[in-house]
Amino acid sequence: MGLSVILVDDHTMLRQGIRRALESEGIKVVAEASDGATAIKLALEHKPDVVLMDVSMPGMDGVEAARRLVEADGRQRVVMLTMHIDRDVIDRAIRAGAVGYLTKDSSISEVILAIQLAANGDRPMSPRLAAAMLDEARRDDALISAREEEVLQLVADGFGTNEIAERLYISGKTVKNHLASIYEKLNARDRTQAVLMAVKMGIVKLT
């Protein structure tokens, strides 16, 4: 059975274009909405694999709609779609429970990949957005330190806290402190999200 998606955007032509592209790849668009309130109602009714949600809409915006939807049903997978890269909006979307973020200049193949990743539990991000966040991190001197990078790479390699401590000759508490710092710098909630963000930003590699 193919993936199911709800498209949420106040631009009808954009929705129609995305719909045609997705359905040509076997992804079923079960509903469309042009505002946040309708999106919530339809998502709770149809329970799609992914909700592709525009950020800027009249009335309730996409971030608020995502927050209310995830609060109502924590299994909902929302990928935000936006015209502009705005770190404040991205932060709000992440806190709201969105699992992915795409810019509207993403190719349809990137949109399809993001939907597939989100449905499988990943946290997709458009390459342009990842690059912009990396540039911003460099400007703000917010990149993780060399030691934090070592810790995060070992996390990506599947090692636990005690194993990392042994390999780096530091205490388990120090490892936890490094992880807490990494989460803050990458705006991540847990190890999985931190690794995914770091991979997209080119900080660590999956082996």
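The values are calculated or read from the model by the stated rules, or taken from the named source; none is laboratory data. Worth saying up front: this structure is predicted, and the values here are computed from it rather than measured. Here Cβ is always computed from backbone atoms with ideal geometry, including for glycine, and neighbour counts include all displayed protein chains.
Going through (1) modelled with pLDDT of 85 or more; (2) surrounded by fewer than 20 Cβ atoms within 10 Å (Cβ to Cβ); (3) part of a helix (DSSP H, G or I) one by one, GLY59 falls short only on (3).
Scanning the range 70-86 for residues that are part of a strand (DSSP E or B) and either touching a residue at least 60 places away in the same chain (Cβ under 8 Å) or hydrophobic (A, V, I, L, M, F, W, C) (or both) gives VAL78, VAL79, MET80, LEU81. If the condition is being under 22 Å from PRO124 (Cα atoms), touching a residue at least 12 places away in the same chain (Cβ under 8 Å) and assigned to a helix (DSSP H, G or I), then the range 1-56 contributes LEU14, ARG15, ILE18, ARG19, ALA21, LEU22, GLY36, ALA39, ILE40, ALA43. For the range 146-188, the tally of residues that are without any contact (Cβ under 8 Å) to a residue 40 or more places away in the chain and assigned to a loop (DSSP other than H, G, I, E, B) stands at 7.
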